[in-house]
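Input: a single structure, listed below in structure tokens.
The values are calculated or read from the model by the stated rules, or taken from the named source; none is laboratory data. Not measured: the values here are computed from a predicted model. Virtual Cβ from ideal backbone geometry, glycine too; neighbours counted across all protein chains shown. These area figures cover heavy atoms from the full protein model, side chains too; ligands, DNA and RNA do not enter into them. Shrake-Rupley method; radii C 1.70, N 1.55, O 1.52, S 1.80 Å.
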Amino acid sequence: MPAVYVAAGSNIEPETNLRHALGELRREFPALKSSPAYRNPAFGFEGDDFINLVVGFESGQAVHDLIRTLHRVEEVCGRPRLAPKWAPRSMDLDILLYGDAVIDEPGLRVPRADLTTKAYMLRPAADLAPDVIHPTLGRSLGELWKAFDTCGLSMQVVEL
């Protein structure tokens, strides 16, 4: 079964919604592991701060079945399926890595392209799985985070 890493973020009642999402994901994937959670400014629009984290688990679900599971969890947390892209979110769940799979099809790109350019994805992923090798870059998540430009970065650890 592939090791899967999923970014989770919210800026609408984020502590409540992230705890709810983690509970739903643990029911589906009992061996779920989670990174620390980080508070950071909204990206791409003006809005309340987000809290982001990354979860990891092994899954026997095919990638499209996994996406349906993640969409169900988002909906349980109050996210409408057709929510605008750059807007407040009650829950946002995005597959970052699905084992060593490389997928490039309409609506799905794995590894997620902005994993290495967005600190709110890379830092928690590197915290959770520093030795995991990025399938197209051939470098570990820990190495990628160490090389990341953190100048002016604002990320504060949050207890859930």
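What to note about this one:
- Computed with a 1.4 Å probe on the full set of protein chains, the accessible area for HIS134 sits at about 10 Å².
- Positive minus negative residues near VAL158 (Lys, Arg vs Asp, Glu; Cβ under 10 Å): -2
- Farthest positive-ward along region 75-153 dipole, Cα basis, beta-carbon charges - from VAL76, ILE103, ALA125: VAL76
- Here the gap between GLU28 and LEU153, fully extended at 0.36 nm per residue and compared with their Cα-Cα distance, gives a gain of 41.6 nm.
- Rounded, prolate or oblate (a/c below 1.5 giving rounded, otherwise prolate when a/b exceeds b/c) for region 12-80 by Cα gyration tensor: prolate
- For the listed peptides 3-13, 72-82, 51-61, a ranking on the average number of other beta carbons within 10 Å per residue, highest first, reads 3-13, 51-61, 72-82.
- Taking all protein chains as they are arranged and a probe of 1.4 Å, the heavy atoms of ASP92 leave approximately 40 Å² accessible to solvent.
- The accessible-area ordering, largest first, of the residues THR116, THR16, THR69 stands as THR16, THR116, THR69, per a 1.4 angstrom probe.
- Extension gain, GLU46-ARG109: 0.36 nm per intervening residue step, less the Cα-Cα distance, totals 20.1 nm.
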